[in-house]
Number of protein chains: 2
Amino acid sequence: MNMGFLGMCSVQQGSLDYRVCGVITSMAGQNKEKKRYTIRDIAEMAGVSRSTVSLALNDSDKINAKTKAKVMEIVERVGYRPSAIARSLVRQQAGVICVILPQIGHVVSDFYFSESLSGILDVVTAHGYHLVVEMATPEFKTGKKALALYRQRVMDGVLCVGNLTTDTYLTELAEAGCPVVLVNSVLGNLPAIIGANRQAAYRAVKHLAKLGHRRIGHIRGSEFVATAIHRTEGYLEAVRALGLEESDELLAQGYFDRESGYMATKWLLSHSRRPTAIYSVNDMMAIGAMDAIREAGLRIPEDIALFGGDDIVLAQYVTPKLSTIRQNMYLIGQLACERLFDILKDKHSEVYEEVELELVIRESCGANKSSR
Amino acid sequence: MNMGFLGMCSVQQGSLDYRVCGVITSMAGQNKEKKRYTIRDIAEMAGVSRSTVSLALNDSDKINAKTKAKVMEIVERVGYRPSAIARSLVRQQAGVICVILPQIGHVVSDFYFSESLSGILDVVTAHGYHLVVEMATPEFKTGKKALALYRQRVMDGVLCVGNLTTDTYLTELAEAGCPVVLVNSVLGNLPAIIGANRQAAYRAVKHLAKLGHRRIGHIRGSEFVATAIHRTEGYLEAVRALGLEESDELLAQGYFDRESGYMATKWLLSHSRRPTAIYSVNDMMAIGAMDAIREAGLRIPEDIALFGGDDIVLAQYVTPKLSTIRQNMYLIGQLACERLFDILKDKHSEVYEEVELELVIRESCGANKSSR
DNA sequence: TTGTATGCGTTATCAA
DNA sequence: TTGATAACGCATACAA
């Protein structure tokens, strides 16, 4: 981690002149292992058979109202709930969706994680399913943990958030029969919901072009991240379609973090004819670009315009505020999850769907100056 | 939402001159419902009984090595994995821990969510359990969904992240016999892991006092959030212990967001003798305080010092950078989860444990100027 | 309305 | 000693 970017910062561990810290043990002793009733217990208490209880629980009309009421009264009184495990066993489905997340450290943009999870969770809950979370660690991938999970019937289907284009463990999983939907990524012809990044990038570049920019630099991202690839494609398409300057000197490589954005920008500025605007694949690199631009003694609205991507919270707090591409991860998560349930229900064919993204144009980052 | 604070910002929906957007359907047709083997299938294929297969799977020594090898060869070849559902049924435990999260919108600080979840997930995985996620919506609480989940045997224990002090649904759950551990909160005498916020706040105030501040304002948070209560207690203890000025005029009420921090600070500054430093219970309100301080024509390092709490990412990006209290949510999540497994194993007595927090002293927010 | 088989793995018991 | 048999855990579907 590059602490240089974080500025001077000292961290103080606790001093000894305060004594709250420690362990306090209380003996109130709850958790006294209350009995959990089974359908047998209820049947006995009601003086009926287990099947009758089952019918009552499922509000069947093959049972007379009085019996049903009597059973349900007991059910409510003792707080009986049928075992989800036993139910899963007969129904031959777990009632569980698994979401595979990138390793936390890699989840750069603030909302990516929480928003997509939120969208997924809402849909999963609405379908009466549960959501289990797994993390795509190297061991998880190479150990084929996902496949094991499916074969163990732990889950009925999988959502994968922001996987790499090299994650073949997912295609294997799908080939084994497990429904898989990708959230904001692409892999083979697996069903996927993803933002229309080509389109958004195209429009970002077009926006800069409209302001008079002809020489627009670009900081691309890793070659294994589909959204980044698409954005770079959109940039290239726009450059060609709009007849802007096209050159290798305008194409820098970054790896999504601030440091690499800084380095990429230094490189872009090192050429004799430097760009008048820079479109970065994500916000963090654009923030790194700010560092490099300032270091070169250039002013950001006046000398170089900036455009980022992802609309992380920081984008509105840096000075100048960053123009960027907003991806509605909540929506993407929701849609992906709905798609998964479609597949779960009637074994749909694969679907690759793009969700429109918004441009967020903020003042004073140069993306709204028609200076040239 | 107060857009005023976010600054001017226009959002552009897609134009029509680009045509990527849409749905592309491919017919590759995976998901062809591969057969999932059961222990019966394996037994037949190996020409042994089901119990023999079970013994082989569990690497028992009551079975001769050759038979075991033969069975396992088949198991590996066809990729058989015993059903977690059937296993759960006989073992009488789900092998699932449930984490209840606050509603996403309320999870203000960036890392609170992802870091604690990450710590929990690591421990849950290490114990061979699975993690299901639920969100503490109003319906979830009032509908006693957690209790139902426990009675349905969906989960063996519960971790709750950042609950309110009014969430009695959790005590009910615990009284029904479900092991519950609170992550960074307090409720009755439920087991809990929480940061040593009193201590940290005390040290933050002491730090300001050492720099010469005698009149330190404080922005408190909601009365239902334990961590905020503790910090305010720590502030008060420090004020008394160090003989600083104590006054109602120095105690402002906020609700964790930028807007209320702004309002609280305006109020603090409205009194004839304004504070020379402000300690806010969290960072977002401290950032709101910056707005108010600047609006009042005051300079932040020189006229008023600032100290926040939580160490959100933003804290290092605002100008000046914020001094703050860092809570290691990864660690707190881990510890809480370990505690839960302790309880699961031998029905421990309740434990309330505090984890030491760090002060993060950053340049130029006034918390390092010994000006007076 | 109820008895019974089913789903799948584990374990105690019993036979070879 | 090794392996086969049966009962168990819990809810549901279906025939009786």
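The values are calculated or read from the model by the stated rules, or taken from the named source; none is laboratory data. If you're wondering where the values come from, they're calculated on a predicted model, not measured in any experiment. Cβ sites come from the backbone with ideal geometry, for glycine too, and all protein chains shown count toward neighbours.
Being more than 6 Å from DNA strand C (Cβ to nearest atom), more than 14 Å from every other protein chain (Cβ to nearest Cβ) and among the hydrophobic types (A, V, I, L, M, F, W, C) is the filter here; which residues of region A:48-62 pass it? A:VAL53, A:ALA56 - these are the residues of region A:48-62 that are more than 6 Å from DNA strand C (Cβ to nearest atom), more than 14 Å from every other protein chain (Cβ to nearest Cβ) and among the hydrophobic types (A, V, I, L, M, F, W, C). For region B:193-212, which residues satisfy the criterion of being under 20 Å from B:ALA238 (Cβ atoms), more than 8 Å from chain A (Cβ to nearest Cβ) and within 23 Å of the chain's Cα centre (by Cα)? Answer for region B:193-212, where residues must be under 20 Å from B:ALA238 (Cβ atoms), more than 8 Å from chain A (Cβ to nearest Cβ) and within 23 Å of the chain's Cα centre (by Cα): B:ILE194, B:GLY195, B:ASN197, B:ALA201, B:ALA204. Give the residue that is farthest from the other protein chains (Cβ to nearest Cβ), with candidates limited to residues of region B:128-156 that are among the polar types (S, T, N, Q) and in a loop (DSSP other than H, G, I, E, B). Among those residues, the one meeting the criterion is B:THR137. Name the residue, out of A:ILE97, A:ILE85, that is closer than 30 Å to A:LEU147 by Cα and within 10 Å of DNA strand C (Cβ to nearest atom). Only one candidate passes the filter, namely A:ILE85. In region A:158-178, the qualifying residues are those that are within 12 Å of another protein chain (Cβ to nearest Cβ) and part of a loop (DSSP other than H, G, I, E, B), and the one that is surrounded by the fewest Cβ atoms within 10 Å (Cβ to Cβ) is A:GLY177. Does B:ILE74 count as within 11 Å of DNA strand C (Cβ to nearest atom) and not polar (S, T, N, Q)? So B:ILE74 does not fit the description; no.
The conditions of being assigned by TED's automatic domain parsing to the domain that holds B:ALA201 and touching a strand residue (DSSP E or B) at 6+ places or on another chain (Cβ under 9 Å) are not met by B:GLY297.
Residue count for region A:210-219 under the criterion of being at pLDDT 95 or above and surrounded by fewer than 23 Cβ atoms within 10 Å (Cβ to Cβ): the result is 2. Just one residue in the set A:LEU335, A:LEU306 is closer than 30 Å to A:GLY177 by Cα and either within 27 Å of the chain's Cα centre (by Cα) or not assigned by TED's automatic domain parsing to the domain that holds A:ASN163 (or both); that residue is A:LEU335. Considering the conditions (1) buried (at least 20 other Cβ atoms within 10 Å of the Cβ); (2) more than 16 Å from DNA strand C (Cβ to nearest atom); (3) not acidic (Asp, Glu), A:MET155 is excluded by exactly one of them, (2). The C-beta contact set for region A:42-67 (first residue over 22 Å from A:ALA84 (Cβ atoms), second residue of a type outside the set (Val, Ile, Thr) and within 6 Å of DNA strand C (Cβ to nearest atom), distance under 8 angstrom, 6+ apart or interchain) comprises A:LYS62/A:LEU55; A:ILE63/A:LEU55.
What residue, of B:GLU338, B:GLU353, is outside any helix (DSSP H, G or I) and touching a residue at least 40 places away in the same chain (Cβ under 8 Å)? Spell out how you get there, then give the answer.
Values: B:GLU338 fails: outside any helix (DSSP H, G or I).
None of the other options fit; the residue is B:GLU353.
Going through (1) facing chain A (nearest Cβ under 8 Å); (2) more than 8 Å from DNA strand C (Cβ to nearest atom); (3) surrounded by 22 or more Cβ atoms within 10 Å (Cβ to Cβ); (4) not charged (D, E, K, R) one by one, B:THR125 falls short only on (3). Output the residue which, of all residues in region B:63-91 that are within 12 Å of chain A (Cβ to nearest Cβ) and outside any helix (DSSP H, G or I), is nearest to DNA strand D (Cβ to nearest atom). Ranking the candidates gives B:SER83 first. In this structure, is A:LEU190 within 14 Å of another protein chain (Cβ to nearest Cβ) and surrounded by fewer than 20 Cβ atoms within 10 Å (Cβ to Cβ)? When the stated conditions are applied, A:LEU190 does not pass them.
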